[in-house]
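Peer 1: Handing you this structure, nothing more for now.
Please treat every number below as a calculation from the coordinates, not as lab data. Keep in mind it's a predicted model, so treat the numbers as computed, not measured. All Cβ positions, glycine included, derive from the backbone under ideal geometry; neighbour counts span all protein chains shown.
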Amino acid sequence: MNAPIIDPLQGDFPEVIEEYLEHGIMKCIAFNRRGTLLAAGCSDGTCVIWDFETRGIAKELRDKDCASAITSVCWSKSGRRILVSAADRTLILWDVVTGDKITHTTVEKTPLYARLHPGSSTTSLCLACSVYSAPVMVDLNNGNSTLLPASVSEGGNGLAPPSRNKVADDPAPLTPACFNKHGDLVYVGSSRGEIIIVDHHNAQVRAIVPIAGNAVIKNILFCRNGQYLLTNSNDRTIRVYENLLPLKDSLKMLDEIGETLSEVSGIEKLKAIGSKCLVLFREFHDSITKIHWKASCFSGDGEWVIGGSASKGEHKIYIWDRVGHLVKILEGPKEALVDLAWHPIHPIVVSVSWTGLVYIWAKDYTENWSAFAPDFKELEENEEYVEREDEFDIIPETEKVRESGVNEDVEVDILFVEKDSTFSDSDMSEEELCFLPACPSPDVPEQQDKFFGTSLKLVDRNHSGSPLSAEAAHNGHALNHISSPVEGMDNSVAEDTGVARLKRRRKPSEKGLELQVEKVKKPGKKIVKSSGKPQKLKNRSVDEDTSMSVFADEASDDYH
């Protein structure tokens, strides 16, 4: 009853599948900051960039040395670079505009996620999360890597990464991690059910936030404005935490909090600091089916939370508002969901299926004609309209009395563009790449040559030597190959007698040649002959065609 009061954006979420994209087998997707370009990683090692406005392919990035499946894609803040991680343990940084490969780095284990540092548009620092390994900070320029701690020792020094010798030491195949909004801290989801806040400059643990039930964290990410943190745990629950640290100078705030807690030390101090960094805001789960979640994320404005079902054979997306109410369940085709993303601006969700198709979910808008004019009224049935006395006058009396509230002396600025509040945090908005010119693929030359050769053969066959064509060439006249019903009849006769199908004119009969000779002897008279006895339909069609050819030749002679 009070839903419109609680959430003024109630109903601003996708509802139906509007379209789908198809190009190979796509595995992962990511929008740029403006939502104008969509990058998709394919199973053959190709990264395809779609123009989301026209739904066409704007760029295709392919490395000849990489044929493995793409595991993740990540845009830089300016949208001019894109980081791609592949299953062959490679990290490739691409220039989106030129399509050139900037760097190529190989890590020790297969990276499932790779994220660029959000602090700069030309950064070469990335965070890689590999299988059965702690997160790694990688410098793409020189290939140097720094292993971040994914667990804390009993002493609480925060310098004890998990063992890399035995796989059994870490039951989780992936230790997820993400940057905060400005990239000065890294939030790591450990296999022990803890959120570890790490200073990646010196690989030191600064705070610990325990999770209820010590559930293994499968995914962790911040919303766009950096105020909320989302975790997807192994206990089939999506949790949202409120960030209590300032968006800037978070390290300085952590130092101040640590100074106030001098009476405790070790792990207890780290947990005390963590209680002042993150606080649990909401929990989302399906209490009936108890399903696992394959992927989850925030909406562009952070008002909605979505989770994709991990059940095989179904493509379901759950949508909650930030208060915790389940508002919509999107049911797609009978294909498992692999990845999903919410558009940065519009209420659009993009999901990837197991078959490699990308489905675009959008809101089902209904036509409301009353929105075009405030005085427009929708009628259920026809009504008689009585017009006002001055309704259709050139200057109505009501307009004369009404005073204009527009100040005509105010200067209108047409040179500068106001910054969008959604991207006001970016100090490089003028340098952002929003669109790419579409390059149409040229035709294959071999097909053109083959088509040209076939056309020449057809022309030669159409102008092949026949008695009529030879006579026309001798007289200097050109043949006009115009199809007609009579020619269709001639072709049927030619097929019955075994003549080639491509010849459009048949060989004239002896009677036709005699008529042509008489026509030459007597050019001023028209020869008209009628058969005295009825003949078969086949012979009649041949005689009619002969007569028509005679009259056509006479008309041609009279014209010349």
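Peer 1: Go ahead and run the numbers for FRET between GLU268 and ASN225, Cβ-Cβ distance against an R0 of 30 Å, rounding to 0.05.
Peer 2: The value I calculate is 0.40.
Peer 1: Rounded, prolate or oblate: which one fits segment 287-375, using the alpha carbon gyration tensor with axes a ≥ b ≥ c (rounded when a/c is under 1.5, else prolate when a/b beats b/c, else oblate)?
Peer 2: Judged from the Cα gyration tensor, segment 287-375 comes out prolate (a/c at least 1.5, a/b above b/c).
Peer 1: Now for a different question. Given R₀ = 35 Å, what would the calculated FRET efficiency be for ILE102 paired with ARG55, taking r from the Cβ atoms and rounding to 0.05?
Peer 2: Efficiency at R0 = 35 Å is approximately 0.80.
Peer 1: Would you please put 297-303, 276-282, 382-388 in order of how densely packed they are, using the mean number of other Cβ atoms within 10 angstrom per residue and starting with the highest?
Peer 2: Top to bottom by mean Cβ count within 10 Å: 297-303, 276-282, 382-388.
Peer 1: Then there's this: Sorted by packing (mean other beta-carbon atoms within 10 Å per residue), highest first, where do 87-97, 323-333 land?
Peer 2: For the peptides 87-97, 323-333, the packing ranking is 87-97, 323-333.
Peer 1: In addition: Kindly write out, for segment 318-327 in residue order, the coupling ³J(HN,Hα) from the Karplus curve 6.51 cos²θ - 1.76 cosθ + 1.60 (θ = phi - 60°), rounded to whole Hz, with x marking Gly and Pro.
Peer 2: 9, 10, 10, 7, 5, 6, x, 8, 7, 9
Peer 1: When the chain is fully extended, how far beyond the present Cα-Cα distance does THR366 get from PHE435, taking 0.36 nm per residue of separation?
Peer 2: Answer, rounded to one decimal: 21.9 nm.
Peer 1: Once amide H atoms are placed 1.01 Å from N in the peptide plane, what residues at a sequence separation of 5 or more from LYS27, or on another chain, have their amide H within under 5 Å of its amide H?
Peer 2: GLY41, CYS42, SER43
Peer 1: From the backbone phi of segment 88-94, what are the Karplus-calculated ³J(HN,Hα) couplings (6.51 cos²θ - 1.76 cosθ + 1.60, θ = phi - 60°) in whole Hz, Gly and Pro given as x?
Peer 2: The phi angles translate into 8, 6, 10, 10, 10, 9, 10 Hz.
Peer 1: Something else: Using per-residue counts of other Cβ atoms within 10 Å, averaged over each peptide, order 348-356, 20-28, 136-144 from highest down.
Peer 2: 348-356, 20-28, 136-144
Peer 1: Tell me the Kirkwood hydrodynamic radius of segment 241-281 in angstroms, computed as one over the mean inverse distance between distinct C-alpha pairs.
Peer 2: Computed over segment 241-281, the radius equals 10.6 Å.
Peer 1: Given the Cα-Cα distance of ASN382 and LYS252 and 0.36 nm per residue of separation, how much length would full extension add, in nm?
Peer 2: The ASN382-LYS252 span can extend by a further 39.8 nm.
Peer 1: Going 7 Å from the Cα of ILE288 in the Cα-to-Cβ direction, what parts of segment 325-356 have a backbone nitrogen less than 16 Å from that spot?
Peer 2: 325-332
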